[in-house]
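Scroll down for the structure; my scribbles are underneath it.
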DNA sequence: TTATATTATGAACACCATGTTCGTAATTGT
DNA sequence: ACAATTACGAACATGGTGTTCATAATATAA
C-alpha cells in the first residue's frame, strides 16, 4: 500500500494526454478538439481520459500549471534589487515566454480557447505581481495609495491584454519594444506617454 | 415589395428572444442556457430562433450592440474639453454602467460567459479609446511616445480587467473610489502610486 | 516469482443540445 | 382580398459527453 503516484502507467498516460492536447490545439484550435481526438492521438481509450481528468478544461489547466513552473522559477530566482537594477520587470520574461509559444497563446488567449482559461492565467499573474509588489514596498518602507489587489489586477490585466493584442496581430513590435512600451505605460502613466505635461 | 424589416413579427420575435436571453442569463448563467430555454421562455418555436440568429453567441452580441448604443451616445455627447475640465474620463461612465448591470456583467465577464464576448467588448472599448485619444492629441498638438494601438489596448484591457475584478468581488469599493484608483494608475503610473520617487 | 492491487480497455448505453428540413398554418403589408 | 413573408412543430441526423461494467494488462510489493 501507500503506492501513491509512482505507477509508471499513470505518469505515461497523463504525459501523453497533455502532449496530444497541445499539438492538437496548434492544429485545430481549442474548441474543435474533442476528447476522442485527444485519446486517439495518445493511443489511449477514451474511457481512460475520464480516469484522470474531469474534462478538456481540466486537462489544459493542469498542463499550464506544469508549463508555468519553469517561468515561476525564473522569476523567483532574481531578487527585487536585481529587477530594479536592470530597469526591467518580470514582464520581460512574460513577453519572451509568450513569443516563444506564440501560436499556442494566440489560440488560448483569443477567447476562442477555453472559457475560464484566460481568467485563470490572469489571476495567476496577479497573484505573482502582488507577491512581488508586497515584497518591494516592505523593503522600501512605502505604502501604495491604491489597494494592493487593485494594483496587482491592474498590472495583470493590462499586461495580459497587451500580450494578447500583440500576439493576435502577429507581433508587430519586437519583445524589446513591447517591454519598453509597457514599462512606460505602467510606470510613468498614460499622461506622460501621451505628452500632456501634468 | 421592399418591405425590409417593418414586419411587426420580426421585431417582436427578436425583442422577445433578446429579453429571454438576458433574463435567463441572470438565472442560470450563460453556458447553461440552451436555445430551447430561450425560445420556450419567449413562447416561440425553436425553429424560429435559427430564422434570425446563427447561434447563442450571435444573439448575445447583437443584444450587446443594442445596449451599447446608449453608452456611446452618452460618451460622444461630451467634448474632450469637458472631460479634461472634469478631471474625469469616459471610464467613469463605464464603471457606472457596469455597476448598474452588475449581475449581468459579472456573468459575462467571468469568462464563463461566451468565449468571444469579453474580447469583443474589449475591442469595442479600445476602438472608442483610440478615437478619443486621437482627437485629444490632435487638439493639443502632441505626439505619444507609444503607438496609438498599444496605448488604446493598454487602457481598454486594464479598464475592463479592473471592472471584471471589481464585479467578481462584489464591488468592494464605490464607483468614485474605483474611478479615482484607475485615474491614478492610468494617468500617473504605478511608480508614483506605489510610492517610489522616480 | 508470485500474488495482489491498480490501471487501461472497449463496447455499450443514455443523454442532451445542435442545426436542418418540410409541409402547414398564421399573420402581415399592400 | 391577395400575395408574400414569417412562425410553427414534428421529425430527423449528427455528434459529443460522461458513465458503467466486465475483462485484460501491467506494475508494485512481498
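FYI, it's all coordinate maths here, none of it is from the lab. Here the structure is a predicted model, which means the values were calculated and not measured. Note: ideal-geometry Cβ built from the backbone for every residue, glycine included; neighbour counts use all protein chains shown.
Descriptive notes on the structure:
- Shielding by partners, peptide B:66-77 (average Cβ within 10 angstrom, other chains): 0
- Segment B:1-58 versus segment A:113-164: alpha-carbon centroid distance in Å: 39
- Evaluated on chain B, the Kirkwood hydrodynamic radius is 19.0 Å, with distances taken between all distinct Cα atoms.
- Angle of helix B:56-77 to the longest C-alpha principal axis of chain B, folded into 0 to 90 degrees and rounded to 10: 40°.
- For segment A:24-161, the relative contact order comes to 25 percent (Cα pairs under 8 Å, sequence separation of at least 6).
- The three principal axes of the Cα atoms in segment B:1-69 give end-to-end lengths of 42, 29, 17 Å, sorted in falling order.
- Of the residues B:179, A:70, the one with the fewest other Cβ atoms within 10 Å heads the list, and the complete ranking is A:70, B:179.
- Calculated log₁₀ intensity ratio I(q)/I(0) where the Debye formula runs over C-alpha points of segment A:88-198, q = 0.19 Å⁻¹: -1.06
- Taking every residue in B:176-187 and counting other chain Cβ atoms within 10 Å of its Cβ, the average works out to 4.
- Other protein chain C-beta atoms within 10 Å of residue C-beta, averaged over B:161-171: 4.
- Three-way shape label, the protein assembly as shown, alpha-carbon gyration tensor, a/c 1.5: oblate
- Acute angle (nearest 10 degrees) that the helix A:148-168 long axis makes with the longest principal axis of chain A, alpha-carbon atoms: 70
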